[in-house]
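Written out below as structure tokens is the structure these notes cover.
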Amino acid sequence: MKILVTVKKTIDYNVQAQIASDGKSVVEDGVKMGFNPFCEIALEEAIRIAEKHPDVEITALTIGGDTEHDILRKSMAMGAHRSVLIEADNTLDTLHKAKILSAYIAKEHYDIILMGKQSIDGDHNHIPQMLSALLSWDMGLFCSEIEIKDKSIFIKREVDEGIISQTINLPCILSSDLRLNTPRFIPLPKIIQAKTKPIEKISLNSLEVDYTPEIERTALSLPEKRQKGEMVEDLDQLIEILKGVLK
Amino acid sequence: MTKAIMIIPPHADSLNIQYLTRAAQKISDHIEAVAIGPKAPSSLPKVIDKLWHYPIDQKSELSTEQCYQIINTYFEQGHLITLSGTFSKELMPFLAAKLNIMPMTDVIAINTPHFKRAIFAGNIIESITSSQERYVLSVRPSCFKQEYELSPLNAHILDPLDIVSSDQSLSKENSDLPDLLSANVVVSGGRGFASEENFKLLHQLAKHYGAGLGASRAAVDQGYIANDHQVGQTGKIIAPNVYIAFGISGAVQHLAGMKDSGTIIAVNTDPDAPIFEYADIGYCGDLFEVINRLLAP
């Protein structure tokens, strides 16, 4: 069985993003970067599946340039067997990226595409759904549990109303939610070993994607800040306020 | 002018439908609504021209593919707009990719053709301009608050398509509490409760006062409460009139889910907790003492 895991490098989730001087992008120079947390969870899940099913091969894929080599090496250090870089601008819109991925996947033979449900920079939560539409494959979004059966997969998904349990067929697209697992720590020797592993490069032209973007980012700005209120020192006073609003 | 088709999610309440109407008015003067589910609303804001209903049986859940087929069959034209939430997160990008349209989701402001969305967990606002002829979008209701006079509207029933319902089964906690997304007052708890047992006190408090029950991601991750109570960037985005946060430190991703609330009241033992920067009223002290006083007869 072949699993494709898409990975994206984002600003570390503990770092507050700053708007760059062009007013349209965020500062990345000198900022700590890492796995988009949802992608890391997706990769961890693929590795756990491979540990139970030895015939599983995991490919880690990202879209970008030479600056993305590190995230692919990290993916291989963590447990991906091979890695693919699609050479394109990594700030393309989500539909464009979904079309690129769909064109790539159509040429290969994958059984499962495991993805993070969203990236913590753009916060779109689009691409798994778009891929499902473009490839006409089943999808299971926001997974908090994935269990591989013979020709099908049992999943639990987190939705607004609770948890949905369902069985879906292969090939399929799965997106990870936060509670799916806790990614492992990568030991240093594995990081060093991964430095010499090959990265397969695919040019955007070879995928023949026809797309004209129709949405343009014009500016980034900071949200309005709430005014800080007052602190109440006295418990009795607080209880009175709370009883007033809770009635 | 291109009309706006408002897709009413299966579990949307009247107030959120009114906020969705406000957003729809910002993209068109002609609004039609479509409800896919067991029931269609019996009354809607007067500005809505027409109501369509695709009835499905109470027990079955439609898959995203099926919802797409319904929309695509009956609504070949018009902007498509719905509320943010997992229903729209599943449907809109899927629908948009099928229609070859880049969707705009979780939109917080509209001034066509300009739109705004929150990115980086709400720390940055992205302004975008669309040159599309047809929009596919979802909006955060709390950013389009407006109440309308409602009037009864008869639904036009859409003929059933030849599609099978899917085998999904939804397990849901039986709730004795008001819906989190539309509750007037929400009490919410975080890691400060320290155990699932202790968190039950907050449930009691919510029940006692008829408030909605929220939780931080930390509380959900610790297993104190089910995920459908989670408030935050990856949970529910809510804006009740009053939000009372007990033992929640106020991580950025949590703030993103509640910072548009009317009044925020925070109780926390840590005087430096970030939540106090956002609270209208803060109290530094023991949450159990406060809750026990509120529950005392």
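Readers should treat all values here as calculations from the given coordinates under stated rules, not as data from a laboratory. From a predicted model like this one, the values you see are computed outputs, not experimental measurements. Cβ sites come from the backbone with ideal geometry, for glycine too, and all protein chains shown count toward neighbours.
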Once amide H atoms are built 1.01 Å from N in the peptide plane, which residues 5 or more positions from A:Glu145, or in another chain, come under 5 Å H to H?
-> A:Lys156
In Å³ and rounded to a whole number, note down the convex hull volume per residue for the Cα atoms of chain B.
-> 140
Given the rule -39500 (n - 2.57) for each run of at least 4 DSSP H residues, summed and divided by the residues of chain A, what is its mean residue ellipticity at 222 nm, to the nearest 500 deg cm²/dmol?
-> -8500 deg cm²/dmol
Size of charge dipole - the stretch B:185-295 - debye, nearest 20, with Cβ of Lys, Arg +1 and Asp, Glu -1, no other charges = 280
Add -39500 (n - 2.57) for each DSSP H run of 4 or more in chain B, then divide by its residues: what number comes out at 222 nm, to the nearest 500 deg cm²/dmol?
-> -7000 deg cm²/dmol
Would you kindly compute the Cα radius of gyration of the stretch B:4-157 and its largest Cα-Cα separation (Dmax), both in Å?
-> 14.6, 43
Quick one: net charge of A:Glu200's neighbours, Cβ under 12 Å, K/R +1, D/E -1?
-> +1
Per the Debye formula with a single identical scatterer at each Cα and no solvent contribution, what log10 I(q)/I(0) holds for the protein assembly as shown at q = 0.07, 0.08 Å⁻¹?
-> -0.40, -0.53
How big is the charge dipole of the protein assembly as shown about its Cα centre, in debye rounded to the nearest 20, if each Lys and Arg gets +1 on its Cβ and each Asp and Glu gets -1 on its Cβ?
-> 340
Nonlocal amide H pairs with A:Met139, under 5 Å, H built at 1.01 Å | A:Ile173
In debye, nearest 20, what is the charge dipole magnitude of the stretch A:1-106 about its Cα centre with +1 on Lys and Arg Cβ and -1 on Asp and Glu Cβ, if you could check?
-> 240
Which residue fluctuates the most in chain B, going by a Gaussian network model with Cα springs under 10 Å, if the choices are B:Met102, B:Met92, B:Met258?
-> B:Met102
What is the set of long-range amide H partners of B:Thr263 at a cut-off below 5 Å, with H atoms built 1.01 Å from backbone N?
-> B:Val242, B:Tyr243
Provide the convex hull volume over Cα atoms per residue for chain A, in Å³.
-> 201
Cα centroids of the stretch B:228-297 and the stretch A:1-62: how far apart, whole angstrom?
-> 31
Plugging the Cβ-Cβ distance of A:Tyr13 and B:Leu161 into 1/(1 + (r/R0)^6) at R0 = 30 Å yields, to the nearest 0.05, a FRET efficiency of 0.10
On a 0 to 90° scale, report how tilted helix B:64-74 is relative to the longest principal axis of chain B, with both axes built from alpha carbons and the result rounded to the nearest 10.
-> 40
Within the set A:Lys156/B:Lys116; A:Lys149/B:Lys236; A:Lys247/B:Lys26; A:Lys117/A:Lys190; A:Lys97/A:Lys201, which residue pairs have Cα atoms separated by over 24 Å?
-> A:Lys156/B:Lys116; A:Lys149/B:Lys236; A:Lys247/B:Lys26; A:Lys117/A:Lys190
